[in-house]
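What follows is one structure encoded as structure tokens, with my remarks underneath.
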Amino acid sequence: MPVTRSVLIRHVRPYGEGDPVDVAVVDGEITEIGVDLTAPEGAATLDGRGGILLPGFVDLHTHLREPGREDTETVDSGSRAAARGGYTAVFAMANTAPVADNAAITDHVWRMGQEVGLVDVHPVGAVTVGLEGEQLAEMGMMAAGVAQVKLFSDDGKCVHDPVIMKRALEYSKGLGVLISQHSEDPRLTVGAVAHDGPTAARLGLAGWPRAAEESIVVRDALLARDAGARVHIAHASTAGTVELLKWAHGQGIAITAEVTPHHLLLDDSRLESYDGVNRVNPPLREESDKLALRAALAEGVIDCVATDHAPHAAQEKCCEFSQARPGMLGLETAVSIIVETMVEPGLLDWRGVARVMSERPAQIVGLDDQGRPIAVGEPANLTIIDPDRSWTVRGDHLASRSANTPFEEMTLPGVVTATLLRGTVTAERTASSSDEPGEWA
Ligand code: NCD
Ligand code: ZN
Ligand code: ZN
């Protein structure tokens, strides 16, 4: 039976521009944009309260932990977190247990996502069998499956053998898919837990040098050039990576890159507390890297924001720093961090937010139903943001099954008030009379 996904969204400002308008949606598609519209037949009404209407966000880098670590996140809980964060599509990384290195698993993850129905969960396929870096996985089978896998990555690990990476890029070109590289030369990061700089030296933490990332970025740019393939750099974290991306673009190399919210807001001064919540790969770098990443995102040298949402259980984070698992939650806080680091300082306007959180990621990976203009005839994958409200992050209150947010107790600007996937409301905050953010319905 077809579901009627019809709704009248009242009082929203597309891209934060102009006076509020209404947006009518019938069967998941935008049918009219104008002032004082009448609700389509059978449509629900959603009060946008003058908020900013943006295309739903697309995350190229999410860890949902299912199968294998359902105690820390599931497709269900991660989808809920994504919808509350304004996302309508996420790419679920392959470092699950078992690894998503075959079509049975990638199709299973896709189906679970469709069953939950809150966000399109696109499985990422592993590049190598078991993330072992030795034998290429059956990328073609995964691409041809129900999930139509478009993105491949051994994330968590780097495809460090240049011969394997070269071959993987050649295959990816033939298949029309994209490889996302976790750039980390493992020989340079043995035992490393923190950015290799003065802070780690002072605190006695083993350092992860910038060169471990940058040497792989430049190597993969050259391999992509020679293969005539595209390559995507996951979680870019250094000023040097930004310079290498500029160089590669100048050479006409088809390289794209993402940056995480945490690398835009935090730096290694956070490590003073020895709190394991701040351990992440790549590590939090220095202030100068952070500022270079912000400028690169504003200028389009870095294409997009990706969360690297990495849930971990309390016992895996609340322990000695060097024993803590690397990774931080990101889905529910992402847009607020972008408002704080990019919008408020004047580096991006709301069109720019739509570009880096929705349009570019959708284009990079070739999703044709996401990151679309807000216009008649387009799918109603949308999110509404109230830029004038703020909220205080509490890990325990997040939809995620884990609570490892580095933003605990921070008051952040920008509140997602509703998200719609093909016209269905997937997250909604109740109205609040004060400037409180309101509760999730
Ligand atoms: C990720 C994880 O926990 O799976 N951790 C992290 O620190 N970012 C893996 C990864 O993205 O490399
Ligand atoms: Zn990674
Ligand atoms: Zn990751």
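General observations
- Quotient of C-alpha Rg and 2.2 N^0.38 Å, computed over the range 336-441: 1.16
- Angle of helix 239-250 to the longest C-alpha principal axis of the chain, folded into 0 to 90 degrees and rounded to 10: 80°.
- When you restrict to C-alpha pairs under 8 Å that are six or more residues apart and normalise by the size of the chain, the relative contact order lands at 19 percent.
- In a DSSP loop and with at most 13 other Cβ atoms within 10 Å, the GluC sites (Glu not before Pro) in the range 357-441 are 409, 439.
- For the range 54-121, the equivalent ellipsoid derived from the alpha-carbon gyration tensor has semi-axes of 19, 12, 10 Å in decreasing order.
- Charge dipole magnitude, Cβ of K and R +1, D and E -1 - the chain, Cα centre, debye nearest 20: 620
- Inter-centroid distance (Cα atoms) of the range 1-62 relative to the range 251-278, Å: 34
- Spherically averaged projected area of the range 289-379 from its Cα convex hull (nm²): 7.8
- With Cα atoms, 0 to 90° folded angle of helix 75-84 axis to the chain main axis: 60
- Rounded to the nearest 10 degrees, the angle from helix 287-299 to the longest Cα principal axis of the chain is 50 degrees.
- If you model the range 41-161 as an ellipsoid using its alpha carbon gyration tensor, with each semi-axis the square root of five times an eigenvalue, the axes come out at 30, 14, 13 Å, biggest first.
- When the alpha carbon gyration tensor of the range 217-327 is reduced to an equivalent ellipsoid, the three semi-axes, largest first, read 29, 15, 11 Å.
- Farthest toward the positive end of the dipole of the range 125-277, out of 259, 178, 199, is the Cα of 178, where the dipole comes from beta carbon charges about the Cα centre.
- Translational diffusion of the range 74-224, estimated by Stokes-Einstein from the Kirkwood radius over alpha carbon pairs at 25 °C in a medium of 0.890 mPa s, is 149 µm² per second.
- Scaled to the globular estimate 2.2 N^0.38 Å, the Cα spread of the chain, given as radius of gyration, is 0.93.
- Among 274, 15, 87, 171, the ranking by other beta carbons within 10 Å of each residue's beta carbon, starting with the fewest, stands as 274, 15, 171, 87.
- Dividing the alpha-carbon radius of gyration of the range 164-211 by the rule-of-thumb value 2.2 N^0.38 Å gives 1.67.
- Estimated D of the range 140-229 in µm² per second, where Rh is the Kirkwood radius over Cα pairs and Stokes-Einstein applies at 25 °C, 0.890 mPa s: 169
- Sorted by Cβ neighbour density within 10 Å, fewest at the top, the residues 154, 289: 289, 154
- Taking the fewest neighbouring Cβ atoms within 10 Å as the starting point, the ordered list for 392, 260, 74 is 392, 74, 260.
- Qualifying GluC sites (Glu not before Pro) for the range 299-341 [loop in DSSP, other Cβ within 10 Å: at most 15]: 320
Read the figures in this text as sums done on the coordinates, not as results from a lab. In this text the structure is predicted, and so the values were computed from the model without any measurement. Backbone-built Cβ (ideal geometry, glycine too); neighbour counts: all protein chains shown.
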